[in-house]
1. If residue 7 meets every condition in (1) on the phi > 0 side of the Ramachandran plot; (2) modelled with pLDDT of 70 or more apart from one, which number is that one?
2. Would you please list the contacts, defined by Cβ atoms under 8 Å and residues six or more apart or on different chains, that run from a residue in region 78-96 that is under 17 Å from residue 119 (Cα atoms) to a residue that is assigned to a helix (DSSP H, G or I) and acidic (Asp, Glu)?
3. The conditions are (1) modelled with pLDDT of 70 or more; (2) not in a helix (DSSP H, G or I), and residue 76 fails exactly one of them. Which is it?
4. When you go through 85, 56 one by one, which is the residue that is within 14 Å of the chain's Cα centre (by Cα), modelled with pLDDT of 80 or more and more than 23 Å from residue 218 (Cβ to Cβ)?
5. Can you pull out the helices (runs of 4 or more DSSP H) entirely within region 136-237 that have at least 1 residues that are surrounded by fewer than 18 Cβ atoms within 10 Å (Cβ to Cβ) and at pLDDT 85 or above?
6. Please verify whether residue 91 is at pLDDT 70 or above, buried (at least 21 other Cβ atoms within 10 Å of the Cβ) and closer than 22 Å to residue 190 by Cβ, treating the condition exactly as stated.
7. From 226, 164, 160, grab the single residue that is farther than 26 Å from residue 57 by Cβ and out of contact with any strand residue (DSSP E or B) (no Cβ under 8 Å at 6 or more places or on another chain).
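The values are calculated or read from the model by the stated rules, or taken from the named source; none is laboratory data. Keep in mind that what you see is a predicted model, and the values were worked out from it rather than measured. Note that each Cβ is placed from the backbone with ideal geometry, even for glycine, and that neighbours are counted across all protein chains shown.
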Amino acid sequence: MEFATLLGITISSAAMIALLKIIAIDIVLSGDNAIVIAMATRNLPTELRNKAILWGTGGAVALRILFAIIIVWLLKIPFVNLIGGLLLLWIAYKVLVGGEEDANISAHAGLKAAIGTIILADVVMSLDNVIAVAGAADGHIIMIAVGIAISIPIMIFGSKFIVKAMDKYSWIGYIGSGILAWTAGEMILKDKQVVAFLDIQSGVVTYLIVAALTALVLGLGYLANKKVATREVNQAG
């Protein structure tokens, strides 16, 4: 049954329902992505920050659409969650301690680094997102692209709000990094090969491992930031 016309294309009620599901999923699951965008761009000047958000989000969305189309094939790759989780752990650490380094590199390099971080992190974290989206799409490939595109402004607005909050309260950066690290730990322990190797049979053990990985990232980040702060104080003195 025809339901509505979108961008000149007549779509059915089933396709419209799929679109609404996709938008809802993206809104719910894009919180981590907004945190990455905020932390990757927080040290850039405003004009470069907006460029990084635009290009980084655009590249991430393009890859997310591609992943949603080929997700069935991607999920067959051994250790894909393990590799993605380890990458995300590294990102969680780098966005926490990268601020001081960014001050010593050119604005152009900082812009490129921020865009790269946004795209890489989204690629890693979007596996769960695109799995859900692919399921909700129910074969309506065009709806995947439209739904993700509609959710972009929400991601951008969320990241800008987080940046403003971090400018005022620096400890929020640790919360953001902790969320990313926790997500990374969950990804690693979703890998069937990892679960089999560690012989994990209890949800409590899973949470303890994820919590330990998160604490490790935050601890290393805190020590690295403290070292930089101490060096700056000594240089100023």
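1. (2)
2. Pairs that qualify, where the first residue is under 17 Å from residue 119 (Cα atoms) and the partner is assigned to a helix (DSSP H, G or I) and acidic (Asp, Glu), are 85/186.
3. Status for residue 76: all satisfied but (1).
4. 56
5. 172-188, 192-198, 203-236
6. Yes: the conditions hold for residue 91.
7. That would be 226, the only listed residue that is farther than 26 Å from residue 57 by Cβ and out of contact with any strand residue (DSSP E or B) (no Cβ under 8 Å at 6 or more places or on another chain).
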